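This report concerns only the one structure given below.
The values are calculated or read from the model by the stated rules, or taken from the named source; none is laboratory data. What you see is a predicted model, and the numbers here were worked out from it, not measured in a lab. Don't worry about glycine lacking a Cβ; one is built from the backbone with ideal geometry, like all the others, and counts go over all protein chains shown. These area figures cover heavy atoms from the full protein model, side chains too; ligands, DNA and RNA do not enter into them. Shrake-Rupley method; radii C 1.70, N 1.55, O 1.52, S 1.80 Å.
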Amino acid sequence: MTCNQQAYFSLEKLLDESVRIHGHLCPGQVLGVRMSVLGLKNTGIEDPKGTDRKNLIVIVELDRCATDAVQSVTGCSLGHRTMKFKDYGKMAATFVNLRTGRAVRVIAREDSREKAKEVCPDIGNTYAAQAEAYKVMADHELFIVMDVRVDLKPEDMPGRPLRRVQCSRCGEYVQDMRETIVDGKVFCRPCSEGGYYSLLREDRYAE
């Protein structure tokens, strides 16, 4: 580990920042912070919020506490298009160094929950015991690290949209090549595949 990494990867400092963003300390926050530190080290990212801020993309697989911790440590976010969300329901994240192409997927070990009870047997509350144990358990007791390859498409990269097109049915605009083509016509995904919402009235403008 370089001096820059040692200065940045202070666990307590990173946990404090994660709690400030998330609102409270929980086992998921500790796992998310440590997962991020491990992912960054293994991909050679030393300064994710500074000199390396344009070299990193993170793909998270769970929309829970750990994802806030990953964002707080890495500085990656959906708005910057440096964080991607895959709704797999897994406590896992993949860290991609865009400069070198190196990528690792870090997944939390399920047996770490039981190990936490052994590490902190005097703490009666299960979640409190996990939060404290996860701070001191070894990386190999908490995570599995996989070397992976991630093929990122140009339309998924940070920067200005490559194009904007209008849906032929609802008239709304779609960017970043998320449209579908049916019988030669452009449709947004809700119009072609069905969306998460149901239209209650036809008003198209705010009151």
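Measure off, as a whole percent, the carbon and sulfur share of the 1.4 Å-probe accessible area of the chain, all protein chains present. Can you show the working numbers first?
On the way: 6170 of 12680 Å².
Roughly 49 percent, rounded to a whole number.
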Open item on the list: With semi-axes √(5λ) of the Cα gyration tensor in Å as the read-out, I listed (i) 27, 19, 17; (ii) 37, 21, 15; (iii) 33, 18, 15; which label goes with the value calculated from this structure?
Closed with: (ii)
Open item on the list: Set the bar at 24 Å for Cα to Cα. Now go through LYS13/LYS135; LYS13/LYS153; LYS41/LYS117; LYS84/LYS153 and name every pair that lies beyond it.
Closed with: LYS13/LYS153; LYS41/LYS117
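Enter the accessible area per residue of segment 103-147 (Å², integer; probe 1.4 Å; all protein chains in place). Don't jump to the answer; show the numbers that get you there.
Numbers: 2610 Å² over 45 residues.
For segment 103-147, the per-residue accessible area is 58 Å².
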Task: Computed accessible area, LEU25, all protein chains, 1.4 angstrom probe, square angstrom - done: 70
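How much of the DSSP bridge set in segment 1-126 is antiparallel, in percent, rounded to the nearest 5? Walk me through the numbers on the way to the answer.
Numbers: 10 of 13 bridges.
Just about 75 percent of them are antiparallel.
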TODO: Could you work out the relative contact order of the chain, using alpha carbon pairs under 8 angstrom and six or more residues apart, expressed as a whole percent?
DONE: 16
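P(r) tail for segment 8-112, what percent of Cα pairs lie past 23 Å? Kindly include the intermediate steps, with their values, before the conclusion.
Numbers: 860 of 5460 pairs.
Across segment 8-112, Cα pairs with separations above 23 Å total 16 percent.
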Task: Max mean-square fluctuation residue, GNM over the chain, Cα-Cα springs under 10 Å, options LEU14, LEU152, LEU56 - done: LEU152
Task: Positive-pole candidate from GLY28, PHE95, VAL150, dipole of the chain, charges at beta carbon - done: VAL150
TODO: At 7 Å along the Cα-to-beta-carbon direction for both LEU199 and LYS185, put a label point, then send me their distance in nm to one decimal.
DONE: 1.3
- [ ] As a check on your grasp of the helix formula, calculate [θ] at 222 nm for the chain: sum -39500 (n - 2.57) over DSSP H runs of n ≥ 4, divide by the residue count, round to the nearest 500.
- [x] -10000 deg cm²/dmol
Task: Charge dipole (debye, nearest 20) of the chain; +1 at Cβ of Lys and Arg, -1 at Cβ of Asp and Glu - done: 660
Task: Pairs of alpha carbons in segment 87-207 whose separation is greater than 26 Å (percent) - done: 54
Open item on the list: Please list VAL96, VAL182 from largest to smallest accessible area, probe radius 1.4 Å, with all protein chains kept in place.
Closed with: VAL182, VAL96
